[in-house]
Amino acid sequence: MQTKHLLFALCAFFIGAASGCSQDAATTPPAITSEAYEPCCGAESVDQSWGNGRIYVPNVFTPNADGVNDFFVPSINGGIGYIDAYLIYTPVGDTVLFHRPGFDFNNVENYAWNGVRLDNGEVHRGLFRYAITCYIPTTDGQYVFYEFKGSACSIVCDPEAAIFQTKTGCYFPEQASTSGGAVDATLPNNEKGCFE
């Protein structure tokens, strides 16, 4: 009989403790996390080079049409003649999200990716891959084409984007160095409202 009372008392204690925990959880907002954004930032180098050619490819951008970091824009130095092909595709490579046969830095709105997917017209959220083929003159008067590849993330400005307030290793188009082809981590990303 005592064992039954002891079991009943233990059960009542654990149920009371559990309900106390759930009561505290109700007053504390849950942490915002996003599986789509977990692989973003810091995984790969954003500065790449071949010979004298250097390219900086940001690893995040925010296509929300606020005039800041809206386009996925690489930055090149004078060692790269021009970009010959610009391709964006899914992380597994099964779908082309965007492509251009070349790149015009004077017409970014029509050449850089604004996050809208070609296959369904929606704004892509999370990880994607890129391949950028550059035309690079060599010191002996010849030319080579070199393909720079990597991954980056499209951040949709929604509550889950709040994780980028503390995420490290994120470099935006706005952080391209003035000399081209490199990131300047001392520059602000200029994102104000997207991560709040």
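The values are calculated or read from the model by the stated rules, or taken from the named source; none is laboratory data. Computed from a prediction, not measured in an experiment: that's the story for all the values here. Here the Cβ is made from the backbone with ideal geometry for all residues, glycine too, and neighbour counts use every protein chain on show.
Quick look at the values:
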read-out: Test result for Val68, more than 16 Å from Gly150 (Cα to Cα) and buried (at least 17 other Cβ atoms within 10 Å of the Cβ); value: yes
read-out: Residue tally, condition touching an Asp or Glu at 6+ places or on another chain (Cβ under 9 Å) and under 26 Å from Ala36 (Cα atoms), over the stretch 91-108; value: 3
read-out: Among (1) touching a residue at least 40 places away in the same chain (Cβ under 8 Å); (2) buried (at least 16 other Cβ atoms within 10 Å of the Cβ) - the single one Tyr111 does not satisfy; value: (1)
read-out: Asp84 acidic (Asp, Glu) and touching a residue at least 60 places away in the same chain (Cβ under 8 Å); value: yes
read-out: All positions within the stretch 175-190 that are touching an Asp or Glu at 6+ places or on another chain (Cβ under 8 Å) and in contact (Cβ under 8 Å) with a residue 40 or more places away in the chain; value: Gln175, Ala176, Ser177, Gly181, Ala182, Val183, Asn189, Asn190
read-out: Qualifying residue in the stretch 32-49 (condition: at pLDDT 95 or above, assigned to a loop (DSSP other than H, G, I, E, B) and surrounded by 20 or more Cβ atoms within 10 Å (Cβ to Cβ)); value: no
read-out: Residues (touching a residue at least 60 places away in the same chain (Cβ under 8 Å) and at negative phi) located in the stretch 125-138; value: Arg125, Leu127, Tyr130, Ile132, Cys134, Ile136, Thr138
read-out: Number of positions in the stretch 38-65 that are at positive phi, more than 11 Å from the chain's Cα centre (by Cα) and among the hydrophobic types (A, V, I, L, M, F, W, C); value: 1
